Amino acid sequence: MGGDEFVVVFRDVKSYEEITLGAARIIEILNVHIVIDQYPLQTTGSVGVSLFPRDGSTMVELLKHADTAMYQAKDRGRNNVQMFSQVMNRKLKARVAVEASLREALRLKQLDVYYQPFINLQTRKIVGLEALIRWNHPVHGMIPADQFIPIAEETGLIVLMGNFVLRRALQNMSAWRKAGVPLVPMSLNVAPAQLQRGELQSTIATLLKSHGFRPELLQLEMTERGMFESHAPAAENRQDTMARLRDLGIKIAIDDFGTGYSSLSYLKHWRVDSLKIDRSFVRDLVTDSSDLAIVSAIIAIARHLRIQVIAEGIEAYQQVEILRRLGCTVGQGFLFARPMPAGQCLELLGANAETKIADDEDMLAVFSAGRG
Ligand code: C2E
Ligand code: MG
Ligand code: MG
């Protein structure tokens with residue numbers, strides 16, 4: 001059909017089983033190692049099936065539906081067989097609709113960046129900011145990232161969005177610097193697709209130079225899944241980009257730590273600067289002793305490796321107390337401040353520079369500007 005896509009027609013099929021067995025045999029044969037120049041290579045296959053006349057009466061329709069099912073197979077981790085279903089079709093249509101409006105959002109400049117501070121749990125000062133993308137939708141208002149980032153990732157739009165966030169964050173930092181407030185490091189979320197192309201490094205280097213910022217002022221957050229959970233060469237490609245970014249002097253943080261493979265060896269190997277303990281562990285820290293044990297172990301390991309630990313999603317004082325006791329120095333969460341627009345962030349940074357905070361009550365007073 002073009003590229004790496006093929007069509008196989010099964011005639012006179014008597015049962016579903018015949019189809020799935022037939023498709024499974026194709027995948028099995030594709031999986032056999034091929035040796036080229038002494039290197040064993042392995043191919044995988046993803047099969048999508050449509051049935052005549054159930055799924056369509058024309059060739060065009062049948063091919064389209066087989067294609068939909070094949071993408072589903074790819075989404076489910078490749079090397080599997082999927083039958084077309086109308087549910088799939090509806091999901092695809094919904095996705096296409098969101099993708100179209102996301103493209104509109106980019107074009108019509110409906111995207112914005114909010115900032116959420118990292119707080120030093122000892123000194124209670126702001127020690128960093130995380131940039132979080134927002135969609136200012138004309139009808140639905142401010143839409144948080146978790147509602148559209150997955151679709152942006154699937155469709156590749158995330159690359160354009162990532163560049164937008166990067167530009168906007170540095171512009172805002174420039175403005176804050178001009179306004180005379182001391183800057184704190186800026187943390188940006190990076191999607192796997194942004195590392196894949198290898199352009200991120202030059203984009204960042206150019207932007208840093210044009211604004212006159214030190215690379216240490218930037219930190220990139222990546223999830224373990226994004227970094228490590230795919231096959232070579234894709235994973236190697238990403239890790240190369242990451243190593244080059246690291247060489248530029250940019251800091252690397254692992255986001256949502258504890259939810260992926262959490263392989264400990266890479267922490268050292270990749271010279272990770274920070275670990276962000278996933279919100280799910282922090283949430284039940286006070287009541288769940290296994291979460292307490294996990295968090296405590298992460299903090300201990302990180303300390304030995306001289307990696308900074310940032311606790312995500314702090315919503316209660318008891319959590320701060322426990323984290324502090326365990327030796328975690330930095331936290332982020334609604335207790336301190338919600339993500340806020342750039343203007344509000346400027347005020348907060350101003351207050352951060354001036355105030356010396358004595359106790360917990362005062363701390364809330366400082367951050368009340370950012371709550372709501
Ligand atoms: P993340 O990087 O782990 O960001 C933290 C998310 O948790 C944010 O949601 C933030 O608003 C929320 N959060 C912070 N503190 C608390 C708390 O105390 N309680 C609760 N319940 N939630 C809290 P948001 O902005 O919706 O972002 C969701 C995810 O979308 C992010 O998770 C990140 O993975 C992704 N994302 C956001 N902005 C970008 C971006 O510019 N690029 C990329 N590639 N991904 C982004
Ligand atoms: Mg993050
Ligand atoms: Mg996170």
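Semi-axes of the equivalent ellipsoid for segment 71-205, computed as √(5λ) from the eigenvalues of its C-alpha gyration tensor and ordered from largest down, come to 34, 17, 15 Å. For the chain, the share of accessible area belonging to carbon and sulfur comes to 54 percent (1.4 Å probe, ligands and nucleic acids excluded).
With only the Cα atoms considered, segment 1-51 has a convex hull volume of 85 Å³ per residue. As a size descriptor, the averaged projected area of the C-alpha convex hull of segment 108-368 was calculated at 14.3 nm². Hey, what angle do you get for helix 342-354 against the long axis of the chain, alpha-carbon based, 0 to 90 degrees rounded to 10? Tilt relative to the chain: about 40 degrees. Rolling a 1.4 Å probe over the heavy atoms of the protein chains gives the chain an accessible area of 54 Å² per residue. Here is the size of segment 1-87 from its Cα atoms: Rg then Dmax, 14.1, 47 Å. Estimated from helical segments only, the mean residue ellipticity of the chain at 222 nm is -14500 deg cm²/dmol, where each DSSP H run of four or more residues counts as -39500 (n - 2.57). With N as its number of residues, segment 249-355 has a Cα radius of gyration that, divided by 2.2 N^0.38 Å, comes to 1.14.
Computed over the alpha carbons of segment 59-106, Rg followed by Dmax gives 12.3, 36 Å.
Backbone phi angles across segment 197-213, fed through the Karplus curve with coefficients 6.51, -1.76 and 1.60 (θ = phi - 60°), yield HN-Hα couplings of 7, x, 8, 4, 4, 6, 4, 5, 4, 4, 5, 4, 5, 5, 8, x, 9 Hz in residue order; Gly and Pro are listed as x. Among 271-284, 213-226, the peptide with the highest mean count of other Cβ atoms within 10 Å heads the list, and the full ranking is 271-284, 213-226. Once you sort the root eigenvalues of the Cα gyration tensor of segment 67-139 as a ≥ b ≥ c, which label holds: rounded (a/c under 1.5), prolate (a/b larger than b/c) or oblate (the other case)? It is oblate, given that a/c is not under 1.5 and a/b is not larger than b/c.
Report the calculated FRET efficiency for R54 and N31 (r = Cβ-Cβ distance, R0 = 30 Å), to the nearest 0.05. The formula returns an efficiency of 0.55 here. Rounded to the nearest 20, the size of the Cβ-charge dipole of the chain about its Cα centre is 840 debye, with Lys and Arg at +1 and Asp and Glu at -1. Take the alpha carbon gyration tensor of segment 129-169, find the square roots of its eigenvalues, order them as a ≥ b ≥ c, and report rounded if a/c is under 1.5; if not, report prolate when a/b exceeds b/c, else oblate. It is oblate, given that a/c is not under 1.5 and a/b is not larger than b/c.
The values are calculated or read from the model by the stated rules, or taken from the named source; none is laboratory data. Keep in mind it's a predicted model, so treat the numbers as computed, not measured. Every residue, glycine as well, gets a Cβ built from its backbone with ideal geometry; the counts of neighbours run over all protein chains shown. Note: areas computed on protein heavy atoms with side chains; ligands, DNA, RNA excluded. Shrake-Rupley method; radii C 1.70, N 1.55, O 1.52, S 1.80 Å.
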